[in-house]
Amino acid sequence: MSGLSLEQRKSWAAAISRFLARYRFLLDAPMIEFFTDDLWGHLPLSWQRALAELSSPHLAALLLQSSPSRQASYGSVWPLSLLAFRAAAHALALPRGPRGEGGTLADGKLEEFQGNPQHSSKLHPLFRKHVKPKKQHEIRQLAQLVKKLSDLAGCRHVVDVGSGQGHLSRFLAFGLHLPVTAVEEDPRLVSRAVKFDQELVQSLKKEQAKGTLTAGDFCLQGPRHVVGCVDPRAPWQAFLHLLQQKKDEAGSPPVADGLFQAERTPKTSPGFHREAEKDGCQKTRTESRLRKWDGGRTDGEASASGQEGLVGGGPGQFCPENPPLLEAPVLLTGLHACGDLSVALLRHFVRCPRVVAITSVACCYMKLSVPDTAAPTDPAECGYPLSTWVSGLPGHQLSYKAREGACHAIEDYALRLVDESATLRTHCFRAMLETVIRAADPAKKRLGVQTINKSHMLTFEEYIRLGLERVGLDPNMALDRAALESLLGQQQKVVAFFSLALLLAPVVETLILLDRMIYLQEQGFQCELIPLFDPTVSPRNLVLVAAKADLSPALGGWLRTRSPLRPEHDPGRGQEGRSPLDTPTGSKL
């Protein structure tokens, strides 16, 4: 979506808010209430007639695909309101197709996994150990972008927030020779990451001894691991304080002024530093470059402000030739940072002068904090909306259900429709279970039912009895089989209704990400969104990139040449300026 101005992005967000406000019912309807609340009956009769008899492959071709297949027959004349709904949903959503490198082949598989579905052919085998195929695809792509951006920003230090088991940090450090600090809240994951780092060091040394790798192919300086929780509401000085934590002389856990729940940092492999001392380590930019990023401040001024660099030589510290962390420019990255954690990255990028660039891949939008109407909260403390513009738009509010729906994988569901997968019955089964639960106890509504594994392989009766047991009801109660058989006969209506709701998921995600872009632009920073991963492998595939420098030199190979939406028009409007949103639906929506 390169080439759009701030005003055009604002116009886009406003169009989405109007669109979602009109179809709020579809957006917020819980699928488990399909039968109990007659969700199908809330659709316009013309929509019901058009969708009721469509097969699953036709739903995929005519509704979820942006350009309906010529081979797919409508079967009946669709009402203009339904056609307008589909057209507006596709027009308002961000393009999710990945850039041309690699790509999906005709059989739907990624080229890099053609030889072995478990191993990416484009990632060195040493970096594939313990890494699932999805993550292999992601870390290779994102690491290349991070490296390019770090070169542009004159930044040699990367901070990976929400690093988990350290797969991205490991590849950035060992594979791309970047100094990395990996920040993770869960100490168990950090311990596992350290263990994997140590394994990789030993493997690299063995390969070097065999002569299959040379010193220039890899680096034995691994990531430094920090256990801590990044708070989006904390000042940026506290964020930097978290990054420089280390064990004190007594060996007690570091203290972070109550702003972070920091714990003792696990030791990294001592081999990192022995190798660094023996072979020397990579130097960062010159002191003049660092003074440029530091705004011309002297060491005395930095020390007076309480921002002292990393000192000492304990495990996890960097080579003495490298500048102290707090005196060097930093690039933040987060691969699927959950909920408000991705917001924390953006806020620290905006506020902290040391953070010069960021790449953020978000997920778990339902975990974003939002304003509470019952107990008003400070909008500045919320994860959504971030921007002043979006917070002032009528209809911008997104319910938990809407944000949860934005995390669904529309490409995956479309493939299931095409294949007429047995998993399509799951929503129908759950809606049937809801009718049985409420018949047994009307007070029990919308209960959380623990996932029933391979539910699509069960009969509806087996599924319902397992569900009853999990919510504390008698699994052996008498069931009205005739009534349940009748509900099961409406499975295709359930699938059609869910497809309608799913069509809104990319639109909701677009509004959330546009809000973040507008927030950055309101603060005066350049930013772009890149569909970096293949959405069939990684549904949350959009990477938000921002820098305190011109992004164009770094992103030329990643950005699309033009926006799929014509900038001269309000997004969602046709060539004559008329919007599908202007078409009356005549429905209950």
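Worth a mention:
- Residues that are modelled with pLDDT of 90 or more and part of a helix (DSSP H, G or I) are absent from segment 368-375.
- Any hit, segment 195-207, residues being in a helix (DSSP H, G or I), among the small types (Gly, Ala, Ser) and in contact with a helix residue (DSSP H, G or I) (Cβ under 6 Å, 6 or more places away or on another chain): yes
- Note on segment 503-538: residues that are surrounded by fewer than 21 Cβ atoms within 10 Å (Cβ to Cβ) and more than 30 Å from Val146 (Cβ to Cβ) total 1.
- Subset of segment 1-30 that is among the hydroxyl-bearing types (Ser, Thr, Tyr) and out of contact with any helix residue (DSSP H, G or I) (no Cβ under 8 Å at 6 or more places or on another chain) - its residue that is surrounded by the most Cβ atoms within 10 Å (Cβ to Cβ): Ser11
- Residue within segment 241-248 that is in contact with a Ser or Thr (Cβ under 6 Å, 6 or more places away or on another chain), at pLDDT 50 or above, surrounded by 15 or more Cβ atoms within 10 Å (Cβ to Cβ) and not acidic (Asp, Glu) present: yes
- Residues that are small (Gly, Ala, Ser), part of a helix (DSSP H, G or I) and within 19 Å of the chain's Cα centre (by Cα), drawn from segment 163-191: Ser169
- Where Asp160 falls short, out of the listed (1) in a helix (DSSP H, G or I); (2) of a type outside the set (A, V, I, L, M, F, W, C); (3) touching a strand residue (DSSP E or B) at 6+ places or on another chain (Cβ under 9 Å); (4) within 20 Å of Ala357 (Cβ to Cβ): (1)
- Residue in segment 198-208 that is within 29 Å of the chain's Cα centre (by Cα), closer than 29 Å to His348 by Cα and either without any contact (Cβ under 8 Å) to a residue 12 or more places away in the chain or crowded, with 23+ Cβ neighbours inside 10 Å (or both) present: no
- Condition check for Leu45: at pLDDT 70 or above and exposed (fewer than 13 other Cβ atoms within 10 Å of the Cβ): yes
- In segment 344-375, the residue that is surrounded by the fewest Cβ atoms within 10 Å (Cβ to Cβ) out of those that are touching a Phe, Trp or Tyr at 6+ places or on another chain (Cβ under 8 Å) and free of Cβ contacts under 8 Å to residues at least 40 places away in the same chain is Ser369.
- Scanning segment 409-467 for residues that are surrounded by fewer than 16 Cβ atoms within 10 Å (Cβ to Cβ), modelled with pLDDT of 90 or more and not in a helix (DSSP H, G or I) returns Glu420, Ser421, Asp441, Pro442, Thr459.
- Meeting the requirement of 1 or more residues that are out of contact with any Ser or Thr (no Cβ under 9 Å at 6 or more places or on another chain) and of a type in the set (Lys, Arg), the helices (runs of 4 or more DSSP H) wholly within segment 480-532 are 481-488, 491-502.
- Residue in segment 55-77 that is over 24 Å from Asp412 (Cα atoms), touching a Lys or Arg at 6+ places or on another chain (Cβ under 7 Å), part of a loop (DSSP other than H, G, I, E, B) and among the β-branched types (Val, Ile, Thr) present: no
The values are calculated or read from the model by the stated rules, or taken from the named source; none is laboratory data. Quantities reported herein were computed from a predicted structural model and do not represent experimental measurements. Here Cβ is always computed from backbone atoms with ideal geometry, including for glycine, and neighbour counts include all displayed protein chains.
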